[in-house]
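A short worksheet on the structure shown next.
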Amino acid sequence: MKVEYKAVSDIAGPLLFVEGVSGVKYGELCSIILPDGEVRTGKVLEVHQDKAMIQVFEGTRGIDIPESTIVFHGKTIELPLSPDILGRVFDGLGKTIDGKPPILPDKRADINGSPINPYAREYPDEFIQTGISTIDGLNPLVRGQKLPFFSGSGLPHNRLAAQVARQARVLGTEEEFSVVFAAMGITFEEAEFFHSDFERTGALERVVMFLNLANDPTIERLSTPRAALTAAEYLAFDLEMHVLVILTDMTNYCEALREISAARKEVPGRRGYPGYLYTDLASVYERAGRIKNRKGSITLMPVLSMPEDDKTHPIPDLTGYITEGQIIFSRSLERKGVSPPIDVLPSLSRLKDKGIGEGKTREDHADLYNQLYAVYSKGKEAAELAVILGEAALTDIDKIYLKFVDAFEEEYVSQGEYENRSIEETLELGWKLLSMLPKRELKRVRDEFIDKYYSRYRKEASGEGGDLKNPIASDRLEKKETKKKER
Amino acid sequence: MKNGRIIRVSGPLIEACEMKGARMFDVVKVGEEHLLGEIIGLDRDKASIQVYEETEGIGVGEPVYLTGEPLSVTLGPGLIESIYDGIQRPLKIIQEEVGDFITRGVSANALDPEKKWEFIPEKKKGDRISGGDILGRVKETVLVEHRVMVPPGVEGVLKEIKKGKYTIKDTIAVIKSKNGKEEKIQMEQRWPVRKPRPIKRRLPPTEPLFTGQRIIDTFFPIARGGTACIPGPFGSGKTVMQHQLAKWTEAEIVVYIGCGERGNEMTDVLNEFPRLKDPKSGEPLMKRIVLLANTSNMPVAAREASIYTGITIAEYFRDMGYSIALMADSTSRWAEALREISGRLEEMPGEEGYPAYLGSNVAQFYERAGKVECIGEPDREGAISVIGAVSPPGGDLSDPVVQNTLRVVKVFWSLKAELAYARHFPAIDWLTSYSLYLDNIRDYFDREIAEDFIKLEQEAMRLLEEEAELQEMVRLVGIDAISSKERRILLVSRMLREDYLHQNAMHEIDTYTSMKKQYLMLKNIINFYHEAEEIDADIKSLENLDILTDIARMKYVEEEKKEKLVELYEAISKAISGVTAKREEEQ
Ligand SMILES: Nc1ncnc2c1ncn2[C@@H]1O[C@H](COP(=O)(O)OP(=O)(O)O)[C@@H](O)[C@H]1O
Ligand SMILES: [Mg+2]
């Protein structure tokens, strides 16, 4: 049922207030028709007696109070869906913007979706090989996981996201991921980078893009990820595809939410973001996953830039509280020339444990990453100590730890943008690095794995501390020395 | 049903007028779709209602129906192994009825009304009975015997009691009360969630509640009937710890509340628990658990209700004389739900926007924990231990939810991000955590574990504290500048950290350690220290001892083979006596 009103009473930022209405429903979609015929889209945020508060996606600029007409549609915002959405480009409200004809829908779905019944979920446990060691080896991604990138402006998060989209495979299957890509407030160039990468690799016909660029209306950023996830749910749960969703940049999304909250004069939470930011983000992120007895899956990779590189800022903080881990980018590693500059220690994949091991990756995977973490973190401590007291003040064993840090960052963390390492390669690289250390330092690994893997790279010399005789360690030492000289 | 009319809709909050006769906390049905809501504010005939379902599509003018009943749970056989949302709707049935996504307006019975249970009476015709008396028993699962109780407040003489197979709705007993009225008793009863169930009296907690987690049981134990909190930033191990406690805690029944957190974490419980075996009985752990899942994407008002639903179910089992462990992950999400509703009510905001009554609500919740003497016959004691996770923004402990929680709970397990980054799990900071139950339960340790356990524990803690100071010193002057005595402290405390405190939840053996094994492990490490001290052992030689590897692997020794650790004790003494010899040779 459509009802028309000419009753705009007030405008505040992106909000429109109308009076003298009746039968308006909370959350419903409306059109605002300007005197020149322009039509904008709104959503009812609150109804009170005969008044309604409307959020206007395209912004309120130019809306003329007495002359604009409001039409209420009696339903929420819906996305038209059919298999033809693949290969197409939409705006943040789900309208096609690639100049091709509109979608002839098989069905329409409310972009807000509905919560997946926790009882209906299937636990994600299928390892995805991304070909990137810091992810596959240390923070494995599984099908149906939500794993964000916490980055900072100017860091290569988009390049890494594109690399994941290019390389991601589930071992043992040739199936490729469909990609739903949502841009919120990023530049044209950044969006174009993804587009041309998809085009170059021939992936475009498996990609759906939702674009809200830097110069597009900010409030539309609130519907962009929801439209994208609605498309993803359709592809995954109706068409049985495995879908990788990239949302970039969620920080811009959160800022749009803050704008609305400020216009509503709500009591602000931390740093001006609304108190319900957590719940709101969860309504986006929790749409990822797998469902029992359904073939498809939604793997979600939100990208966000941490304001001031601060991990405790509400946006990364609340994201980390919802997502199943996080991959953190570090500016200091970037400066050091480590690329991709992934800060391994605070990064985490919460779903790794059931996605790896025998029959999935390899039996030693869990022990190995636990050990690498322990050693790297101890090495970082030694490095700190060395900064204060000088390397000479370290114990012999701490000196080895220190060397490990450099080797690890240089060989394991660093990798080329087009370098696609198999999980075997990543695991072996881990053992090779661990072999710099004497066996008794490796407390997190089972004996059998020491015998089987570690021994390949290092023959323990009578349990003595003659560590520097270790072939690889000394090999590395030489390399370092020559490198230093070259400089 | 009387009805009012909606005048405002703002997210989960609705206002309605013409609500005469409505009472605070009564349940109402909202709109044409009969969405469930609860009255949380009254102003003459105007009511504020929090709605437990998505309110999209609801408009002004739609009806609100009064039910006259406060928000209540259904109690009876069939609770165990169930998974509910925050207002006790069974998620399994909802999935069967409406599919994989939760739509609104669905209602389903919390307990299966058709299932027949074998009821074995304990009382007989003519017995005088009153509230809390155990009428009879039902085998609910292999692990749980359900004790069917007379509902609180009911009193009289048993006119009839039946043995046999009945549903929860069938009459199993008839009571003639003083005024001659007859009252039919069913196995099912209802209780309002916001009202604590009655008890005879509270008892001081005097026994530890063992969890199989070494850092907790040895250093920061919780008492049976006690309260604890685990605050920490994301990724520090709150949920894994809550799962560990749900798995291994020596409680008879576990109520696990997933409050505003991840859906997959609930799935994890649903997958894992049926496979894991209770170390005592060998039966699947699922057979003793009630799950509540109101995940972050489910309606926020039902999240607020979920912890009350959970604790009321826990109280019901407590009243049967059981020991219950209740986990809430995370209480911060509950507090945020409270804040969101309060904000929409336009109440005066307190700290960080939380309502001024946050503190009293937190306290009231934890007050429902405790060890008690239950009402009714026969005499029995029950206990509820409550463990709440807290998720402060940025891990900042000055957060109002953390602070208000610390004011009431007696155990503080403080999670530290740096430990988690180094994958030192559980990432409980041994220097800042505390348990205020130690004095109450000391006797128990002396009596049941070992006379020297507390002494070992204290010595270990002293070493860890000294380590922290020594590390500071090393940072200033370098390792070579400290004495060999101090270096031995560093060596042994590293052992304590890596080989004792560190415990991998994902490792099939390490995940659980019995008290006996904890004692043996600790004793060995402290023995190492004493033996080395005794002879002023050379640090380099100590560091190179092969026995260090055996100490590091103590945690992987199976429970059945823990006698090996006794042998290791001797081996340690022997290995260190070898060190002296070596030193003398060198000299
Ligand atoms: N006791 C433990 N043993 C092994 N791994 C753990 C342990 N505790 C936490 N972890 C690891 O840390 C990750 C995050 O823990 P989690 O409990 O989900 O954190 P939080 O709930 O505080 O955000 C887990 O996915 C797991 O990999
Ligand atoms: Mg958690």
Next item on the list: Whole number in Å², please: accessible area per residue of the stretch A:3-72, 1.4 Å probe, ligands, DNA and RNA not counted.
Entry: 40 Å²
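Ignoring everything except DSSP H segments at least 4 long, calculate the 222 nm mean residue ellipticity for chain A; use -39,500 (n - 2.57) per segment, divide by total residues, nearest 500.
On the way: 11 runs with 137 residues, N = 487.
Rounded to the nearest 500, it is -9000 deg cm²/dmol.
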Next item on the list: For the stretch B:297-404, run through the chymotrypsin sites (Phe, Trp or Tyr not before Pro) and keep only the ones in DSSP coil with at most 10 other Cβ atoms within 10 Å of their Cβ.
Entry: none
Item checked: the stretch A:3-72, relative contact order [Cα under 8 Å, separation at least 6], % -> 43 percent
Check: Does the stretch A:182-273 come out rounded, prolate or oblate by the C-alpha gyration tensor, with a ≥ b ≥ c the root eigenvalues, rounded set by a/c under 1.5 and, if not, prolate when a/b is larger than b/c and oblate if not?
Finding: oblate
Item checked: Under 18 Å from the B:Leu345 label point (7 Å along Cα→beta-carbon), backbone N, the stretch B:60-96 -> B:70-72
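Per the Cauchy relation, a quarter of the hull surface: what is the mean projected area of the convex hull of the alpha carbons in the stretch B:268-365, in nm²?
On the way: hull surface 31.2 nm².
The orientation-averaged projected area of the Cα hull of the stretch B:268-365 comes to 7.8 nm².
What pairs in B:Lys485/B:Lys562; A:Lys25/A:Lys95; A:Lys432/B:Lys574; B:Lys139/B:Lys159; B:Lys277/B:Lys410 have C-alpha atoms more than 27 Å from each other? The partial results should precede the final answer.
Numbers: B:Lys485/B:Lys562 31 Å; A:Lys25/A:Lys95 23 Å; A:Lys432/B:Lys574 35 Å; B:Lys139/B:Lys159 24 Å; B:Lys277/B:Lys410 30 Å.
Correct reply: B:Lys485/B:Lys562; A:Lys432/B:Lys574; B:Lys277/B:Lys410.
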Check: According to a simple spin-label model (label point 7 Å from Cα along Cα-to-Cβ), what is the distance in nm between B:Lys561 and B:Ser360?
Finding: 5.9 nm
Next item on the list: Can you tell me the dipole magnitude for chain A around its Cα centre, using point charges on the Cβ only (Lys, Arg +1; Asp, Glu -1), in Debye to the nearest 20?
Entry: 780 debye
Checklist line | Those GluC sites (Glu not before Pro) in the stretch B:139-185 that DSSP places in a loop and that have at most 16 other beta carbons within 10 Å | finding: none
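Taking each residue in A:317-328, count the Cβ atoms of any other chain within 10 Å of its Cβ, then average. What number comes out? The partial results should precede the final answer.
Working: counts 8, 5, 1, 4, 12, 7, 3, 3, 2, 2, 0, 0.
So the per-residue partner count for this stretch is 4.
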Margin query: What distance in nm separates the two pseudo spin-label positions at B:Arg462 and A:Ala262, each 7 Å out from Cα along the beta-carbon direction?
Written below: 5.8 nm
Checklist line | Cβ charges +1 (Lys, Arg) and -1 (Asp, Glu), total dipole of the stretch A:3-72, debye | finding: 180 debye
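Past 25 Å, Cα to Cα, is the threshold; run A:Lys352/A:Lys378; B:Lys165/B:Lys287; B:Lys287/B:Lys416; A:Lys336/B:Lys416; A:Lys6/B:Lys29 against it and keep the listed order. Before the final figure, lay out the partial values.
Details: A:Lys352/A:Lys378 22 Å; B:Lys165/B:Lys287 21 Å; B:Lys287/B:Lys416 33 Å; A:Lys336/B:Lys416 27 Å; A:Lys6/B:Lys29 33 Å.
Those over the limit are B:Lys287/B:Lys416; A:Lys336/B:Lys416; A:Lys6/B:Lys29.
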Checklist line | Ratio of the Cα radius of gyration of the stretch A:78-354 to 2.2 N^0.38 Å, where N counts its residues | finding: 0.94
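Over the whole of A:306-316, what's the average partner chain Cβ count within 10 Å per residue? Rounded to a whole number, please. Show your work: numbers first, answer last.
Numbers: counts 0, 0, 0, 0, 1, 5, 6, 2, 2, 0, 2.
Average neighbour count from other chains, rounded to a whole number: 2.
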Note to self: If you count only protein heavy atoms with a 1.4 Å probe, what accessible area per residue comes out for chain B, rounded to a whole Å²?
What the structure shows: 37 Å²
Notebook entry, point to check: Net charge near B:Ala301, counting Lys/Arg +1 and Asp/Glu -1 over other residues with Cβ under 11 Å of its Cβ?
Noted result: -3
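For chain B, what's the relative contact order in percent, using C-alpha pairs closer than 8 Å and at least 6 residues apart? Don't skip to the end; give the middle numbers.
Numbers: 1241 pairs, mean separation 74.9, N = 587.
For chain B, the relative contact order is 13 percent.
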Notebook entry, point to check: What accessible area, summed over both chains, is buried at the A-B interface (1.4 Å probe, Å², nearest 100)?
Noted result: 6800 Å²
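Taking each residue of A:444-454 in turn, how many C-beta atoms of other protein chains fall within 10 Å of its C-beta, and what is the average? Spell out each step's value before the answer.
Values: counts 6, 0, 3, 3, 0, 0, 0, 0, 0, 0, 0.
Mean shielding by partner chains, rounded to a whole number: 1.
Work out how much length A:Asp36 to A:Thr312 would gain on full extension: take 0.36 nm times their residue separation and subtract the Cα-Cα distance, in nm to one decimal. Kindly include the intermediate steps, with their values, before the conclusion.
On the way: separation 276, 0.36 × 276 = 99.36 nm, distance 4.65 nm.
Result for the pair: 94.7 nm of gain on full extension.
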Check: Say the dipole of chain A comes from +1 at the beta carbon of Lys and Arg and -1 at that of Asp and Glu; which of A:Tyr285, A:Ile246, A:Ile342 then lies farthest toward its positive end?
Finding: A:Ile342
Notebook entry, point to check: Per residue in the stretch B:458-491, which ones lose no less than 40 Å² of accessible surface when going from chain alone to all protein chains (1.4 Å probe)?
Noted result: B:Arg475, B:Ile479
Next item on the list: Return the Cα extents of chain B along principal axes one, two and three, sorted largest first, each rounded to a whole Å.
Entry: 97, 56, 41
Notebook entry, point to check: Got a number for carbon plus sulfur as a percent of chain A's accessible area, 1.4 Å probe?
Noted result: 50 percent
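Summarise the accessible area of the stretch B:275-373 (1.4 Å probe, protein heavy atoms) by the percent that is carbon and sulfur. All intermediate terms of the calculation are to be shown ahead of the outcome.
Values: 1330 of 2600 Å².
C and S atoms contribute 51 percent here.
Size of the dipole of the stretch A:78-354 about the Cα centre, Lys and Arg at +1 and Asp and Glu at -1 on the beta carbon, nothing else charged, in debye to 20?
Working: 32 positive and 38 negative charges, 107 e Å.
Rounded to the nearest 20 debye, it is 520 debye.
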Check: To the nearest µm²/s, what D does Stokes-Einstein give for chain A at 10 °C and 1.306 mPa s, using the Kirkwood radius over alpha carbon pairs as Rh?
Finding: 64 µm²/s
Note to self: Helix-only mean residue ellipticity at 222 nm, chain B, DSSP H runs n ≥ 4 weighted -39,500 (n - 2.57), per residue, nearest 500. What is it?
What the structure shows: -10000 deg cm²/dmol
Check: Any idea how far apart A:Glu417 and B:Lys92 come out in nm if each label point goes 7 Å out from Cα toward Cβ?
Finding: 5.3 nm
Check: B:Glu122 to B:Glu469: FRET efficiency via 1/(1 + (r/R0)^6), r the Cβ-Cβ distance, R0 51 Å, to the nearest 0.05?
Finding: 0.25
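Cα convex hull of the stretch A:67-106: how many Å³ per residue? Please list the in-between numbers first.
Details: hull volume 4.4 nm³, N = 40.
About 109 Å³ per residue, rounded to a whole number.
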Next item on the list: Report, in whole Å, the centroid distance computed from the Cα atoms of the stretch B:190-233 and the stretch A:218-273.
Entry: 40 Å
Notebook entry, point to check: Just how many % of Cα pairs in the protein assembly as shown lie over 59 Å apart, if you round to the nearest whole percent?
Noted result: 15 percent
Next item on the list: Give a residue-ordered list of calculated ³J(HN,Hα) values for the stretch B:330-338 (Karplus: 6.51 cos²θ - 1.76 cosθ + 1.60, θ = phi - 60°; whole Hz; x for Gly, Pro).
Entry: 10, 5, 5, 5, 5, 4, 5, 5, 4
Check: Which of the chymotrypsin sites (Phe, Trp or Tyr not before Pro) found in the stretch A:398-449 are loop residues per DSSP with 16 or fewer other Cβ atoms within 10 Å of their Cβ?
Finding: A:Tyr418
Next item on the list: Set Lys and Arg Cβ to +1 and Asp and Glu Cβ to -1, take the dipole of chain B about its Cα centre, and tell me which of B:Val566, B:Gly4, B:Val409 lies farthest positive.
Entry: B:Gly4
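Among B:103-111, A:340-348, how do they line up by average Cβ neighbours within 10 Å per residue, starting with the highest? Show your work: numbers first, answer last.
On the way: B:103-111: 16.7, A:340-348: 23.0.
Packing order, densest peptide first, comes out as A:340-348, B:103-111.
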Next item on the list: Quote the FRET efficiency, to the nearest 0.05, computed for B:Asp443 versus A:Arg200 with a Förster distance R0 of 60 Å and r equal to the Cβ-Cβ distance.
Entry: 0.25
Next item on the list: Mind listing, in residue-number order, the residues in the stretch A:334-373 that have at least 20 Å² less accessible area with every protein chain present than in their own chain alone (1.4 Å probe)?
Entry: A:Leu345, A:Pro346, A:Leu348, A:Arg350, A:Asp353, A:Lys354, A:Asn370, A:Tyr373
Next item on the list: Using a 10 Å cut-off on Cβ atoms, rank the peptides B:200-211, B:510-521 from the highest mean neighbour count down.
Entry: B:510-521, B:200-211
Next item on the list: Express as a percent, rounded to the nearest 5, the fraction of DSSP beta bridges in the protein assembly as shown (both residues included) that run antiparallel.
Entry: 65 percent
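Please label the shape of the stretch B:428-581 as rounded, prolate or oblate, based on the square roots a ≥ b ≥ c of the eigenvalues of the alpha-carbon gyration tensor (a/c under 1.5 means rounded; beyond that, a/b larger than b/c means prolate, else oblate).
On the way: a/c = 1.65, a/b = 1.24, b/c = 1.33.
Oblate shape, in that a/c is at least 1.5 and b/c is the bigger or equal ratio.
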Next item on the list: May I ask you to find the residues of the stretch A:112-126 that are shielded by at least 50 Å² of accessible area once the whole protein assembly is considered instead of their isolated chain (probe 1.4 Å)?
Entry: A:Pro115, A:Asn117, A:Pro118, A:Tyr119, A:Arg121, A:Tyr123
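Taking 22 Å as R0, compute the FRET efficiency from the Cβ-Cβ separation of B:Lys485 and B:Leu431 and round it to 0.05.
0.55
The values are calculated or read from the model by the stated rules, or taken from the named source; none is laboratory data. Keep in mind that this is a model prediction, so the values were computed, not measured. Using ideal geometry, Cβ is built from the backbone for each residue, glycine included, and neighbour counts are taken over all protein chains shown. For accessibility, only protein heavy atoms count, side chains too; no ligands or nucleic acids. Shrake-Rupley method; radii C 1.70, N 1.55, O 1.52, S 1.80 Å.
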